[in-house]
1. I need a count of the residues in the stretch 25-44 that are assigned to a helix (DSSP H, G or I), closer than 25 Å to D88 by Cβ and touching a helix residue (DSSP H, G or I) at 6+ places or on another chain (Cβ under 8 Å).
2. Out of the residues in the stretch 5-16 that are assigned to a helix (DSSP H, G or I) and exposed (fewer than 13 other Cβ atoms within 10 Å of the Cβ), which is modelled with the lowest pLDDT?
3. On the given criteria, is S106 touching a helix residue (DSSP H, G or I) at 6+ places or on another chain (Cβ under 7 Å), small (G, A, S) and under 22 Å from P12 (Cα atoms)?
4. Only one of these is of a type in the set (D, E), touching a residue at least 40 places away in the same chain (Cβ under 8 Å) and within 21 Å of P12 (Cα to Cα): D79, D71, D46. Name it.
5. Kindly evaluate L63 against the criterion of being more than 18 Å from W20 (Cβ to Cβ) and touching a helix residue (DSSP H, G or I) at 6+ places or on another chain (Cβ under 7 Å).
6. Assess whether S33 counts as being surrounded by 19 or more Cβ atoms within 10 Å (Cβ to Cβ) and on the phi < 0 side of the Ramachandran plot.
Amino acid sequence: MAVSRGRKDELPLVMDTYAWALIECNRIDEGISLLRTAMEKKPFVDGHYHLGRAYMKKQPADLLEAQRSLDQAWQMIQDAERESRYPDPIMKGKVERARLEVKKASTGR
């Protein structure tokens, strides 16, 4: 994927979008690799959420990595709230639900 123009800090957002499209097309390992690169460049909540979801979609699911990614997203949400930067409530709900799904899958309930 090549991006010739635009701000460099936007590149991880584009990478996230492309990676999520790959994941939705069942090219999960490619999507995970791209998301990991994006998160190294500029971590953000949606990227960590997508990464967690991608690990959940793997066959078999990588619940440990999913939990780590979702915990990072959750921590970023909590940090934003403490700093009076209000995170997207829809994304907050998605992260909460995904974390519960991983917990249930990990415990077998």
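The values are calculated or read from the model by the stated rules, or taken from the named source; none is laboratory data. Predicted, not measured: the structure shown is a model, and the values here were computed from it. Every residue, glycine among them, receives a Cβ derived from its backbone with ideal geometry; neighbour counts consider all protein chains shown.
1. 10
2. Going through the qualifying residues, I end up with K8.
3. Against the criterion (touching a helix residue (DSSP H, G or I) at 6+ places or on another chain (Cβ under 7 Å), small (G, A, S) and under 22 Å from P12 (Cα atoms)), S106 does not qualify.
4. D46
5. So L63 fits the description; yes.
6. It is false that S33 is surrounded by 19 or more Cβ atoms within 10 Å (Cβ to Cβ) and on the phi < 0 side of the Ramachandran plot.
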